[in-house]
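Here is the structure we will look at, set down as structure tokens.
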Amino acid sequence: MSTTFRASLLAALLGAALPATAEDVTIGVIYPLTGAAASTGLELKNAAQLAADLINGTEKSLALPMVGGGGLPGLKGAKLKLVFADHQGNPQVGASEAERLITQEKVAAIQGCYFSSVTQTASQTAERYGVPFLNDSSSSVGLTQRGFKWFFRTTPNDELFVQNAFEFLKDLEKRKGIKVKRIAILAENTEFGTGAARLQEKYAKENGYEVVEKILYPPKGTQLTSEVQKLKAAKPDVVFQSSYLSDAILSMRTYKDLGFLPTALLANDAGFNDSEFLKTMGKDGNYVISREVWALDLAALKPVIGKANDLYKARHGVNFNGNSARAFTGMIALAEAINRAGSTAPEAIQAALKATNLSADQLIMPWGGIQYDENGQNRKGAGIIVQVQDGKYVTVWPAAAGTKDVVWPLPAWEGR
């Protein structure tokens with residue numbers, strides 16, 4: 001891990017418009033509310049709504065932008081009104097829902113969509129209509145390589161996450177003498193998985209690792225037996241996996257059924273960091289390692305994380321996770337820009353988003369802040385590595401921010 005990266009992460013942890021009216025500011029929010037990822041979508045929805053409610057309310061216990069102001073002061077106290085849409089995990093549905101929100105609901109902006117494949121199509125619709133699109137939770141690198149003018153992404157992308165994963169492996173070798181040689185890649189074959197797999201293969205070879213198997217599979221199937229048999233035959237040290245919730249659960253069950261146990265499973269977030277994953281897998285979900293953007297144990301270094309989590313848990317009975325924390329942060333960042341715009345005119349919001357410059361202490365994320373580059377990508381994002389230990393996600397990298405030591409290798413299925 002570079003000195004520059006360590007310093008930036010620790011710093012992050014510490015820390016002409018149209019006339020305004022007081023009418024509601026309507027924001028369209030597109031998530032998977034039914035289908036295989038419905039539980040994920042519900043957590044995202046709940047987090048976005050919590051952010052809006054805190055902005056609309058007067059509770060000032062949380063020191064974050066716009067929170068407790070009773071609405072948007074830049075628009076004479078206008079309230080946020082969220083209109084949710086269900087993309088069902090289908091890119092075509094996502095595109096049509098984006099068009100409905102724009103043409104019928106008259107939204108000022110759109111936030112979404114979690115699935116990179118749906119974000120790709122829905123944002124194309126927003127681009128065509130000239131409506132700002134805030135992407136809070138999709139990580140495919142290609143989304144910010146299209147030359148779009150209305151697209152802004154708060155979360156880091158998969159290139160940073162993959163780089164972090166290999167920094168983590170190199171750090172393990174340096175600090176603990178753990179040597180990884182053989183890597184396998186398993187990924188769902190939509191925009192998210194294929195993009196991540198391509199980067200993982202690239203960086204594996206650049207860092208001197210042998211890629212012994214690369215498998216792309218169709219998502220939301222009923223079995224992964226042949227794919228896991230191929231992995232087992234390849235005998236990798238580490239499996240890099242990019243899967244949404246239903247596939248993450250199915251793959252883990254198949255690993256156990258077929259007696260497949262690599263030295264480590266390094267997940268690309270998504271389904272492995274969903275609250276439903278641990279509820280379903282129980283002890284079999286322990287010891288999965290994953291890249292992340294948020295972890296509750298970081299509240300020891302950044303107390304606002306714990307305070308925000310308390311509000312979310314009091315309302316919904318579960319902790320934030322990386323997905324829901326990103327949805328919450330996205331809504332805060334979008335509202336802050338609309339407030340500065342002082343208008344719901346698309347061009348005014350677009351200009352305000354371009355000028356966004358939130359600092360580390362204005363976020364619940366372990367980032368340096370939010371500031372978009374010329375492609376709409378937040379240039380101040382950062383990643384961490386977590387592991388499931390005793391049914392909880394704990395930070396294991398970077399070591400300076402970690403609260404637990406990594407468990408390596410994976411313990412046998414029996415006796416967990």
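Condition (residue is in contact with a His (Cβ under 8 Å, 6 or more places away or on another chain), crowded, with 24+ Cβ neighbours inside 10 Å and assigned to a helix (DSSP H, G or I)) applied to the range 124-135: is it met by at least one residue? Give the derivation first.
Within the range 124-135, the first condition is being in contact with a His (Cβ under 8 Å, 6 or more places away or on another chain), and the residues that meet it are none.
No; the residues of the range 124-135 include none that is in contact with a His (Cβ under 8 Å, 6 or more places away or on another chain), crowded, with 24+ Cβ neighbours inside 10 Å and assigned to a helix (DSSP H, G or I).
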Query raised in the report: Of the numbered conditions (1) on the phi < 0 side of the Ramachandran plot; (2) touching a strand residue (DSSP E or B) at 6+ places or on another chain (Cβ under 7 Å), residue 195 satisfies every one except a single condition; which is it?
Result: (2)
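Please report, ordered by residue number, the strands (runs of 3 or more DSSP E) entirely within the range 219-334 with at least 3 residues that are surrounded by fewer than 22 Cβ atoms within 10 Å (Cβ to Cβ) and in contact with a Pro (Cβ under 6 Å, 6 or more places away or on another chain).
Details: elements: 238-242, 264-267, 289-292.
Filter on the range 219-334 gives an empty set.
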Query - Boolean, residue 60 is under 30 Å from residue 401 (Cα atoms) and modelled with pLDDT of 95 or more - result: no
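Listed here are the residues, each with its yes/no results for (1) out of contact with any Ser or Thr (no Cβ under 6 Å at 6 or more places or on another chain); (2) within 22 Å of residue 275 (Cα to Cα).
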| position | (1), (2) |
| --- | --- |
| 32 | yes, yes |
| 40 | yes, yes |
| 43 | no, yes |
| 56 | yes, no |
| 64 | yes, no |
Requested in this report: Looking at (1) within 26 Å of the chain's Cα centre (by Cα); (2) among the charged types (D, E, K, R); (3) in a loop (DSSP other than H, G, I, E, B), find the lone condition where residue 179 falls short.
Outcome: (1)
**Report entry** Odd one out for residue 45 among (1) at pLDDT below 95; (2) part of a helix (DSSP H, G or I)
**Finding:** (1)
Requested in this report: Check 342, 391 and return the single one that is among the small types (Gly, Ala, Ser), at positive phi, touching a helix residue (DSSP H, G or I) at 6+ places or on another chain (Cβ under 8 Å) and at pLDDT 95 or above.
Outcome: 342
Report summary line: Among 414, 347, the single one that is surrounded by fewer than 24 Cβ atoms within 10 Å (Cβ to Cβ) and either touching a Cys at 6+ places or on another chain (Cβ under 9 Å) or in a helix (DSSP H, G or I) (or both) is 347
Query raised in the report: Limited to the range 182-200, what total is found for residues that are in contact with a Leu (Cβ under 7 Å, 6 or more places away or on another chain), in a helix (DSSP H, G or I) and among the small types (Gly, Ala, Ser)?
Result: 2
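The values are calculated or read from the model by the stated rules, or taken from the named source; none is laboratory data. The shown structure was predicted, so the numbers you read here are calculated from the model rather than taken from an experiment. In this analysis, Cβ positions are derived from the backbone assuming ideal geometry, glycine residues included, and neighbour counts consider all displayed protein chains.
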